Every structure is written in structure tokens, then in C-alpha cells.
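S.K.: Got a structure for you, questions after.
Just so it is clear, none of the values below were taken in a lab; they were calculated from the coordinates. As the structure is a prediction and not an experimental result, all values here were calculated from the model.
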């Protein structure tokens, strides 16, 4: 399913057809990333809180050996939505791991938003695997990271496979679709009691 990179037509609203795949955002990779980690971590926190707001399913992967590469940072674990599925993996391509592939299939979501690490290895190969499996893929540019600064070839390859580059801000507004006053009642009620679930996206510090 290569070509334009446009979202395939779905019969449900986009937020009901979207899942988040958080790839290997582990402490060792965060510690070794090129650039400052704080702007990235703030965005990953905002993404996970947004998933809670809209009740988006989340799958989080951890590259083995986890005892060496670490778990998710504590601040990310603290904001994982209820029901997040966590999987350890040995393959760089998440779709090549039968338990992860089966978990994605069970979700029934045809649109996968990808965040995490490393842009030029596990993210790139997983995005290619998702596209080969027929998923529409949004790649969240400002929610990805790597120890390698030169990741332009990875972006070109993912785009060539039909993945859609986007940002956290665009992703959030695309899924909500309308101003807050017109949101579904469930979202507005949730936000009223947990205002932190929708970050002031324009005020996040820039990624380098």
C-alpha cells in the first residue's frame, strides 16, 4: 500500500480508527539521544495524556535485553493510559514480532501513529513493516529520536513507503477535528476534571 501517503478511507471517525505505537522510548536510548531530551519527553508525556483523553489504544515496546537498555522513564510510565499493552521485542521491526503483530490486529485500528526510537532503525523498519501490512501510518516527527543526528535518509525512505510525516500538534488537532466547545461530551467532561490531558501544544519548547 504505497503511494500518496494519504489516509485510507475509513468508515469510523479518525479517532476511533487510530492507535499509538510507542517504540523503545527506554532510558538508555533517551540518555544517548542526539539533542536535548527534555523537549522530547514533554511531547511524549503530552501524547500519552492525549491518548487518555480520547481513549486511544497504546502499544509500547521495549527492546531486549531490558535489564541493560532500561524501561520507559518513570515520568512516561506515570502517564501511560490505562490498558496500555507493553511488549518486549528482539526484532527491530515491531511487525516481525508475532505477539506485537497480533496485538495490532486485535485492536482493529487501521491508522497507527508512531513515536519513539530510534528514528533510523526500529522506527524506520517498523513503519515499513506497518505499511507492508496495510496500515496507514502517521510518523510524529517531534516525538521521535535517535542517537544518530543524520536521520534524513530514514525520513525519505518512510515517506517513500507512504508514511505521513506530521507533528504532535497537527496530530492532536486532526483527531479532535473541531474546537473544544464542539467536542463530544465525554472528552469535555474528562478534560474538565483532568485539564493536563490536553497540553498547551503551542507552548512546548522547540525540538532541535
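S.K.: With springs only between Cα atoms under 10 Å, which of 105, 67, 148 fluctuates most in a Gaussian network model of the chain?
M.R.: Judging by the Gaussian network model, the answer is 67.
S.K.: Taking all pairs of distinct Cα atoms, average 1/r, flip it, and tell me the Kirkwood hydrodynamic radius of region 49-104 in Å to one decimal place.
M.R.: Averaging 1/r across every pair of different Cα atoms and inverting gives 12.2 Å.
S.K.: Let me ask another. Between residue 196 and residue 36, what is 0.36 nm times their sequence separation minus the Cα-Cα distance? Round to one decimal in nm.
M.R.: Working it through step by step, the gained length comes to 55.3 nm.
S.K.: Please compute the Kirkwood hydrodynamic radius of region 63-159 from all pairs of different C-alpha atoms, in Å with one decimal.
M.R.: When all Cα pairs of region 63-159 are included, the Kirkwood radius is 14.3 Å.
S.K.: Sticking with this one: Taking all pairs of distinct Cα atoms, average 1/r, flip it, and tell me the Kirkwood hydrodynamic radius of region 151-193 in Å to one decimal place.
M.R.: On the way: mean 1/r = 0.0785 Å⁻¹.
Here the Kirkwood hydrodynamic radius works out to 12.7 Å.
S.K.: Distances over 28 Å make up what percent of all Cα-Cα pairs in the chain?
M.R.: 21 percent
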